[in-house]
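The values are calculated or read from the model by the stated rules, or taken from the named source; none is laboratory data. Since the structure is predicted, the reported quantities are computational estimates derived from the model, not experimental observations. Every residue, glycine among them, receives a Cβ derived from its backbone with ideal geometry; neighbour counts consider all protein chains shown. Remember, those area values only see protein heavy atoms, side chains included, never the ligands or the DNA or RNA. Shrake-Rupley method; radii C 1.70, N 1.55, O 1.52, S 1.80 Å.
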Amino acid sequence: MSDILNARGLQVGYDNRVISEDVSFDVTAGSYTAIIGPNACGKSTLLRAIARILPTSAGSVLLDGKDISQMRTKHLAQRMGMLPQSSIAPDGIRVADLVARGRHPHQRMFERWSAHDEEAVIQALDATGTTDLSGRLVDELSGGQRQRVWLAMVLAQETPLLLLDEPTTFLDIAHQYGLLELFRRLRDQLGRTIVVVLHDLNQAARYADQLIVMKDGDIVASGPPADVITADLIEDVYGLPCRVVPDPEMSTPVIVPLASLHGRLHVS
């Protein structure tokens, strides 16, 4: 399979502070990639740079072999969808209208709403379990409901590449696993490419076919979960002594903290 995304020599940060420097990686089309690492290691910053939300100081991001810095915004939005950690909906907007905004990149000026637009919105609402919320005001929803509605808007965009920054935030455990299963179906049934930032290492190892592990702004390991997740890596990156055992359901790596951590963890 060919690559859909290539990052080469990226330097990203905020103001005069460099978060990541000389970062390079590839994402294969139709893959499910999870970016993991401790808090403040640069995961979300990297994802924002890939999405062209945050400018890069050096390096390049290629989407389908084209530098995204040279792409028109509308064309980029037809190829790449981004779900940030938090979003603010316009006051008084209803769920169906917010999800419908995902169709904007595909519409021309003065073009009428099409049957395909309507179907894309219906499918996105159904996929995220938000159909029964379609008539409600977004402001009235719980944090978990809003998260699923924003995801529905990104799905309605129908992009081949989805970038998702901690999408399981605010969700209970059943909805977390439901969402991760949804991403797997999008990959398997529709050929979508998924790049997701996750905090839960066991969820990342269970669902992703490629992991990108970050520490202090650098990529320290990448590859299939079975190759990447080791007790030594987890202790080095997270400072967590643990064992790695097979998941009894999926045979993927599961991280089990040691029974006694007294005196072994240094939390600042």
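Quick notes on this structure:
- Scanning the stretch 152-179 for residues that are in contact (Cβ under 8 Å) with a residue 12 or more places away in the chain and either part of a helix (DSSP H, G or I) or of a type in the set (Phe, Trp, Tyr) (or both) yields Ala152, Met153, Val154, Leu155, Ala156, Phe170, His175, Gln176, Tyr177, Gly178, Leu179.
- Looking across the stretch 180-206, the residues that are open to solvent by 10 Å² or more (accessible area, probe 1.4 Å), closer than 24 Å to Ile234 by Cβ and either not charged (D, E, K, R) or not in a helix (DSSP H, G or I) (or both) come down to His199, Asp200, Leu201, Asn202.
- Taken over the stretch 68-86, the criterion of being without any contact (Cβ under 8 Å) to a residue 40 or more places away in the chain and surrounded by 15 or more Cβ atoms within 10 Å (Cβ to Cβ) is satisfied by Ile68, Met71, Leu76.
- Test result for Val267, at pLDDT 95 or above and not charged (D, E, K, R): no
- Close pairs (6 angstrom Cβ cut-off, 6 or more residues apart or separate chains): touching a residue at least 12 places away in the same chain (Cβ under 8 Å) in the stretch 231-253, charged (D, E, K, R) and part of a loop (DSSP other than H, G, I, E, B) anywhere: Pro241/Arg264
- Of the strands (runs of 3 or more DSSP E) that lie entirely inside the stretch 1-67, those containing 2 or more residues that are out of contact with any Phe, Trp or Tyr (no Cβ under 8 Å at 6 or more places or on another chain) and free of Cβ contacts under 8 Å to residues at least 24 places away in the same chain span 17-28.
- Residue check, Gly144 open to solvent by 30 Å² or more (accessible area, probe 1.4 Å), at negative phi and out of contact with any Lys or Arg (no Cβ under 7 Å at 6 or more places or on another chain): no
- Members of the stretch 109-140 that are among the polar types (S, T, N, Q) and at pLDDT 90 or above: Gln123, Thr128, Thr130, Thr131, Ser134
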